[in-house]
1. Let me know the shape class of the stretch 68-107, please: from the alpha-carbon gyration tensor, a ≥ b ≥ c as square roots of the eigenvalues, rounded when a/c is under 1.5, otherwise prolate if a/b is greater than b/c, or oblate.
2. Rounded to the nearest 0.05, what FRET efficiency do ASP22 and ALA59 have when you use their Cβ-Cβ distance and R0 = 30 Å?
3. Whose amide H sits under 5 Å from the amide H of SER31, counting only residues 5 or more places off or on another chain, with H placed in the peptide plane?
4. Please give the length that would be gained between ALA72 and GLU11 if that part of the chain were fully extended, namely 0.36 nm times their separation in residues minus their C-alpha to C-alpha distance (nm, one decimal).
5. Share of Cα-Cα pairs in the chain beyond 23 Å, in percent?
6. Helix 47-63 versus the longest principal axis of the chain: what is the Cα-based angle in degrees, 0 to 90, to the nearest 10?
Amino acid sequence: MPVSSPRWLEELPENMTESECDDLSEEISRSIEIVHGHVIKCESATPRHARIARRLANALEAARSPAGPCLAVETGVDVILWRVPRFTFRRPDVTVYNCIDDPTQKP
């Protein structure tokens, strides 16, 4: 059965800056990505897709070298790709990045 989108999702602007994105509620910001300033509405992953992403993340985490650099492996985390010329953040299925000391900072 098709589910209709929440009204606020339909009312989002086509373009958004980083500061406008920062002002959104978590519910709204979890439902979008921004690519070169353009708002992209995201759908939830299927259970199979989510399971594959989780298994990939687990395998990558297990393969990290204890002697190597500190690497974090996450699923569903926002990644700021660039701020100029136009703000872009995505939410990849699996992200591997250098550890960050500030837990509130996005990779």
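Only the coordinates and a few stated rules stand behind these numbers; no lab work does. Because the structure is predicted, anything quoted here is derived from the model rather than measured. In this analysis, Cβ positions are derived from the backbone assuming ideal geometry, glycine residues included, and neighbour counts consider all displayed protein chains.
1. It comes out prolate by the Cα gyration axes.
2. 0.35
3. HN-HN under 5 Å from SER31: empty list.
4. Contour length minus Cα-Cα distance gives 18.4 nm.
5. So the portion of pairs separated by more than 23 Å is 39 percent.
6. The answer is roughly 30 degrees.
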